[in-house]
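J.: Below you'll find the structure I mean.
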Amino acid sequence: TVGAFLVLTAYYCLQSKRLRETDLNYLHLNFLGGILLFLASCTTGQAGLILLEGTWVGVTIYGYLRRNRNRSNPV
C-alpha cells in the first residue's frame with residue numbers, strides 16, 4: 001500500500017506540474033515506491049506484477065542516469 005501511494009503521489013506531482021521528471025524527489029518517490037511494490041509482488045509470486053514493478057524500477061534508474069548525465073554535460 002505504501003509503495004502504491006508513493007508511485008501515485010509521484011505521478012500526481014508530475015501531472016500537476018509540482019515536480020518535473022528529472023527532479024530528485026520525483027525519482028526518489030518512484031524508486032522507493034517501485035521497490036516496495038516489486039518486493040511485495042515477489043513475496044506473492046505474481047509474475048505480471050514482478051515484471052511491471054521490476055521494469056518500473058529499471059526505468060527510474062534510467063531516469064537517475066539521464067539526470068546525472070545531463071548535469072555533468074551542460075549545454
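The values are calculated or read from the model by the stated rules, or taken from the named source; none is laboratory data. Since the model is a prediction, treat every value here as computed from it, not as a measurement. When we count neighbours, we look across all protein chains shown, and the Cβ atoms used for this are built from the backbone with ideal geometry, even at glycine. Remember, those area values only see protein heavy atoms, side chains included, never the ligands or the DNA or RNA. Shrake-Rupley method; radii C 1.70, N 1.55, O 1.52, S 1.80 Å.
J.: Quick one: is LEU39 free of Cβ contacts under 8 Å to residues at least 60 places away in the same chain and either touching a strand residue (DSSP E or B) at 6+ places or on another chain (Cβ under 9 Å) or open to solvent by 90 Å² or more (accessible area, probe 1.4 Å) (or both)? Before the answer, list the steps.
T.: Numbers: free of Cβ contacts under 8 Å to residues at least 60 places away in the same chain: yes; either touching a strand residue (DSSP E or B) at 6+ places or on another chain (Cβ under 9 Å) or open to solvent by 90 Å² or more (accessible area, probe 1.4 Å) (or both): yes.
Criteria met by LEU39.
J.: Is there any pair with a first residue in segment 10-29 that is open to solvent by less than 40 Å² (accessible area, probe 1.4 Å) and a second that is part of a loop (DSSP other than H, G, I, E, B) whose Cβ atoms are under 7 Å apart and which are 6 or more apart or on different chains, and what are they?
T.: Pairs found: CYS13/LEU19; TYR26/LEU19; TYR26/ARG20.
J.: Are any residues in segment 1-21 touching an Asp or Glu at 6+ places or on another chain (Cβ under 9 Å) and under 18 Å from LEU65 (Cβ atoms), and if so, which ones?
T.: Hits for segment 1-21: nothing passes.
J.: For segment 22-59, give me each residue that is under 24 Å from ARG71 (Cα atoms), of a type in the set (Asp, Glu) and within 10 Å of the chain's Cα centre (by Cα).
T.: Within segment 22-59, none qualify.
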